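Only one structure is covered here, and it is reproduced in the block below.
The values are calculated or read from the model by the stated rules, or taken from the named source; none is laboratory data. Predicted, not measured: the structure shown is a model, and the values here were computed from it. Methodologically, a virtual Cβ is constructed for each residue, glycine included, from the backbone with ideal geometry; neighbour enumeration extends over all protein chains shown. Accessible surface is based on the protein model in full, side chains and every heavy atom, while ligands, DNA and RNA are left aside. Shrake-Rupley method; radii C 1.70, N 1.55, O 1.52, S 1.80 Å.
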Amino acid sequence: VRGDVWDKRFRYDITGYMLFVKDLLVIKRISEDIFTGINAGQSFHVGLESMINWYILRGRRQGTGLHLVHSFQYSGNRFVDFVDDGTDFSGNKLPGIPDYKNDLRLRWLTGINIQTGMAWQMVGKQYLADDNEGIYQSYQTLDWNISYGRDLSANFGFSLSLGINNMLDQSYASMILINAPSFGGSPPRYYYPGMPRNFYLTLQLKIG
């Protein structure tokens with residue numbers, strides 16, 4: 001379902017799906033650096049995806065004003081018939097897939113080329129392995145930036161940006177390694193940590 005209202009100031013796109021998959025391929029790790037794909041039998045997938053674009057305020061100049069973008073994803077995925085090395089994983093949820101993602105972005109572009117925005121992302125819990133014993137809990141991050149750009153001539157311009165990533169200084173994993181093995185007595189490494197709160201300042205020049 002998709003459409004727009006209010007003279008195209010509010011646009012929406014909503015998709016729902018339901019899938020039955022036969023001969024699903026999943027990753028099985030043989031060693032720390034070697035992995036292969038195996039047949040996980042049948043699986044069931046259901047989900048919802050939505051996207052909203054809303055020009056809350058429109059400026060006089062094209063593209064200026066206050067603009068909000070919201071996206072949401074829900075995923076429910078289960079093994080229907082999956083047995084590996086004598087262990088029955090049937091009915092378990094597929095690992096490595098968050099049950100939801102919620103992304104909210106707000107941007108304000110003025111008529112004097114100053115632009116600022118915030119991005120708030122929420123990621124739901126996900127399982128770490130096929131047995132569903134380990135769970136990586138939900139987390140959220142908040143970013144902010146402001147920039148100014150100007151063309152001083154036909155052949156020269158610049159853009160200056162300042163921003164803060166992970167303003168809430170959340171501890172989170174930027175990547176999850178599903179079904180991580182344990183070697184040499186060390187615990188499995190499921191997480192690759194994301195960046196803590198960090199700042200950036202960039203200057204871009206356009207010449208020619």
Exercise. Taking GLN62 as the residue in question, decide whether it is among the polar types (S, T, N, Q) and farther than 19 Å from ASN132 by Cβ.
Key: yes
Quiz prompt | Qualifying positions in segment 119-154 - farther than 20 Å from GLN73 by Cβ, at pLDDT 95 or above and of a type in the set (A, V, I, L, M, F, W, C) | solution = TRP144, ILE146
Self-check item: Test: ILE34 is out of contact with any strand residue (DSSP E or B) (no Cβ under 9 Å at 6 or more places or on another chain) and open to solvent by 70 Å² or more (accessible area, probe 1.4 Å)
Solution: yes
Practice problem: Determine the pairs where a residue that is under 21 Å from TYR172 (Cβ atoms) and part of a strand (DSSP E or B), located within segment 103-123, has a partner that is aromatic (Phe, Trp, Tyr) and open to solvent by less than 60 Å² (accessible area, probe 1.4 Å) with Cβ atoms under 6 Å apart, the partner being 6 or more residues away or on another chain. | Solution: VAL123/TYR139
Quiz item: Checking GLN73 against (1) farther than 27 Å from TYR139 by Cβ; (2) open to solvent by 50 Å² or more (accessible area, probe 1.4 Å); (3) modelled with pLDDT of 95 or more; (4) not hydroxyl-bearing (Ser, Thr, Tyr), which single condition isn't satisfied?
Solution: (1)
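Look through GLY59, GLY47, GLY63, GLY3 and report the one residue that is over 22 Å from PRO98 (Cα atoms) and surrounded by 14 or more Cβ atoms within 10 Å (Cβ to Cβ). Show your work before the answer.
Details: GLY47 fails: over 22 Å from PRO98 (Cα atoms); GLY63 fails: surrounded by 14 or more Cβ atoms within 10 Å (Cβ to Cβ); GLY3 fails: surrounded by 14 or more Cβ atoms within 10 Å (Cβ to Cβ).
That would be GLY59, the only listed residue that is over 22 Å from PRO98 (Cα atoms) and surrounded by 14 or more Cβ atoms within 10 Å (Cβ to Cβ).
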Exercise. Hey, can you tell me all the residues within segment 55-74 that are in a strand (DSSP E or B) and either under 13 Å from the mean Cα position of the chain (by Cα) or on the phi > 0 side of the Ramachandran plot (or both)?
Key: GLY65, HIS70, SER71, PHE72, GLN73, TYR74
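With respect to SER186, is the statement that it is among the hydroxyl-bearing types (Ser, Thr, Tyr), free of Cβ contacts under 8 Å to residues at least 24 places away in the same chain and more than 29 Å from LEU57 (Cβ to Cβ) true?
yes
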Exercise. Sort through PHE35, PHE10 and tell me the only one that's among the hydrophobic types (A, V, I, L, M, F, W, C), touching a residue at least 40 places away in the same chain (Cβ under 8 Å) and out of contact with any Ser or Thr (no Cβ under 6 Å at 6 or more places or on another chain).
Key: PHE10
Exercise. Identify all residues within segment 100-112 that are open to solvent by 70 Å² or more (accessible area, probe 1.4 Å) and either among the β-branched types (Val, Ile, Thr) or closer than 21 Å to MET18 by Cβ (or both); write none if there are none.
Key: TYR100, LYS101, ILE112
Quiz prompt | Enumeration of residues in segment 159-177 that are farther than 12 Å from TYR200 by Cβ, assigned to a strand (DSSP E or B) and open to solvent by 60 Å² or more (accessible area, probe 1.4 Å) | solution = SER174, MET175
Quiz item: Can you pull out the residues in segment 124-136 that are surrounded by 16 or more Cβ atoms within 10 Å (Cβ to Cβ) and assigned to a strand (DSSP E or B)?
Solution: GLN126, TYR127, TYR136
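Select, from ILE14, ILE52, ILE97, the only residue that is aliphatic (A, V, I, L, M), at pLDDT 90 or above, assigned to a loop (DSSP other than H, G, I, E, B) and open to solvent by less than 90 Å² (accessible area, probe 1.4 Å). Before the answer, list the steps.
On the way: ILE14 fails: assigned to a loop (DSSP other than H, G, I, E, B); ILE52 fails: assigned to a loop (DSSP other than H, G, I, E, B).
Answer to the selection: ILE97.
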